[in-house]
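Comments concern the structure below.
The values are calculated or read from the model by the stated rules, or taken from the named source; none is laboratory data. Keep in mind the model is a prediction, meaning the values are calculated, not measured. Glycine also receives a Cβ, built like all others from the backbone with ideal geometry; neighbour counts cover every protein chain displayed.
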Amino acid sequence: MSDAVPEPEAPAERTPAAPAPLEVPRAATGDAGTDALLERLADVDHLPTDGHLEVYEDVHRGLRDALTALDARPGPPAPPSPYGSRS
């Protein structure tokens with residue numbers, strides 16, 4: 001009888017799976033700039049996981065800039081008061 005403990009087997013070396021499209025539907029917003037940014041998200045379908053962050057950050061930056069630009073534009077004038085000018 002042997003008291004030797006068997007060596008654990010080394011885990012099989014795994015090869016990462018190739019990138020596969022998630023096929024998440026994207027609806028058009030009607031704004032060409034925003035739609036182009038959202039289409040850029042499709043790029044991650046063809047990248048390994050470590051390449052996703054750059055695309056997500058790029059899209060996030062573009063969407064944030066678009067919202068900031070909206071805040072900087074003047075809005076429509078306020079409607080006149082139905083009460084006239086009261087002092």
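List of remarks:
- Taking the criterion of being loosely packed, with under 14 Cβ neighbours inside 10 Å, at pLDDT below 90 and charged (D, E, K, R), the residues of region 19-44 that qualify are GLU23, ARG26.
- Residues that are more than 28 Å from PRO19 (Cβ to Cβ) and assigned to a helix (DSSP H, G or I) within region 40-76 comprise LEU67, THR68, ALA69, LEU70, ASP71, ALA72, listed in sequence order.
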